[in-house]
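Engineer: My questions all concern the structure below.
The values are calculated or read from the model by the stated rules, or taken from the named source; none is laboratory data. This is a predicted model, so every value here is computed, not measured. Heads up, the Cβs are rebuilt from the backbone with ideal geometry, glycines too, and the neighbour counts pull from every protein chain shown. Accessible surface areas use protein heavy atoms only, side chains included; no ligands, DNA or RNA. Shrake-Rupley method; radii C 1.70, N 1.55, O 1.52, S 1.80 Å.
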Amino acid sequence: MSGPAVHPVDAPPPTTEAAPPRIRMKDVQGMSGTTGALFLRLCQFAFAAISLCVMATTSDFPSVTAFRYLVGAVGLQSIWSLSLALTDVYALMVRRSFRNSGVVSLFAIGDGITSTLTFAAACASAGITVLIGNDLDKCNLNHCTRFMSATAIAFLCWFAVSPSFLLNFWSLASR
């Protein structure tokens with residue numbers, strides 16, 4: 001009777017090397033601490049500051065609550081965006097990105113709150129400008145073009161904040 005033929009196999013020598021280092025997620029442009037994030041923050045700040053200045057230079061914006069809300073929302077947005085632009089400049093100077101989940105969650109929550117406030121204020125102001133301009137036909141008595149310009153720029157500010165929020169939230173969720 002014949003049996004199966006077994007050929008001995010040499011075991012590989014044991015290695016004393018350490019485990020390979022963990023690979024971190026690549027920084028996507030627009031996440032905190034990148035040049036894309038700095039560009040987005042500067043755009044957010046510029047749009048919020050322009051909207052604030054255009055609305056604040058009119059004499060009759062305090063008479064409408066939605067316009068006061070817009071001034072408050074874009075004022076908060078400009079402070080938030082300028083603060084985070086400075087942190088992005090610091091991160092770029094020291095050549096590090098933000099990886100601490102607490103910091104990234106603060107940025108994501110702050111972006112979510114300020115973007116929601118800016119969007120709500122822009123929508124409310126847009127409704128009032130349509131009411132004044134189209135329904136009441138009182139544009140010749142008010143600063144309708146300034147109100148409309150400030151509202152449109154506030155929407156542009158919201159468009160610039162949205163990618164920052166989504167990328168920070170994605171970075172937080174992918175941990």
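Engineer: Quick check on the stretch 1-59: of everything there that is closer than 30 Å to residue 89 by Cβ and of a type in the set (Ser, Thr, Tyr), which residue is modelled with the highest pLDDT?
Structural biologist: Of everything passing the filter in the stretch 1-59, 51 is modelled with the highest pLDDT.
Engineer: Related question: For the stretch 150-173, enumerate the residues that are open to solvent by 40 Å² or more (accessible area, probe 1.4 Å) and modelled with pLDDT of 95 or more.
Structural biologist: Result: 152, 155, 156, 158, 159.
Engineer: Looking only at residues in the stretch 60-91 that are open to solvent by less than 60 Å² (accessible area, probe 1.4 Å), among the aromatic types (Phe, Trp, Tyr) and over 18 Å from residue 35 (Cα atoms), which one is modelled with the lowest pLDDT?
Structural biologist: Out of the qualifying residues, it is 61.
Engineer: For the stretch 132-149, does any single residue satisfy the condition of being charged (D, E, K, R), at pLDDT 95 or above and either open to solvent by 80 Å² or more (accessible area, probe 1.4 Å) or over 30 Å from residue 32 (Cα atoms) (or both)?
Structural biologist: No, the stretch 132-149 contains no residue that is charged (D, E, K, R), at pLDDT 95 or above and either open to solvent by 80 Å² or more (accessible area, probe 1.4 Å) or over 30 Å from residue 32 (Cα atoms) (or both).
Engineer: Hey, residue 169 hits all of (1) free of Cβ contacts under 8 Å to residues at least 60 places away in the same chain; (2) of a type outside the set (Lys, Arg); (3) under 19 Å from residue 77 (Cβ atoms) but one; which does it fall short on?
Structural biologist: (1)
Engineer: Let me ask something else. Within the stretch 95-106, is even one residue in contact with a Phe, Trp or Tyr (Cβ under 9 Å, 6 or more places away or on another chain), open to solvent by 40 Å² or more (accessible area, probe 1.4 Å), under 21 Å from residue 40 (Cα atoms) and of a type in the set (A, V, I, L, M)?
Structural biologist: The answer is no, given that none of the residues of the stretch 95-106 is in contact with a Phe, Trp or Tyr (Cβ under 9 Å, 6 or more places away or on another chain), open to solvent by 40 Å² or more (accessible area, probe 1.4 Å), under 21 Å from residue 40 (Cα atoms) and of a type in the set (A, V, I, L, M).
Engineer: Next question, about the same structure. Within the stretch 63-175, considering only helices (runs of 4 or more DSSP H) that don't extend past its boundaries, which have at least 1 residues that are under 20 Å from residue 53 (Cα atoms) and of a type in the set (Lys, Arg)?
Structural biologist: The helices (runs of 4 or more DSSP H) meeting that bar are 65-93, 144-173.
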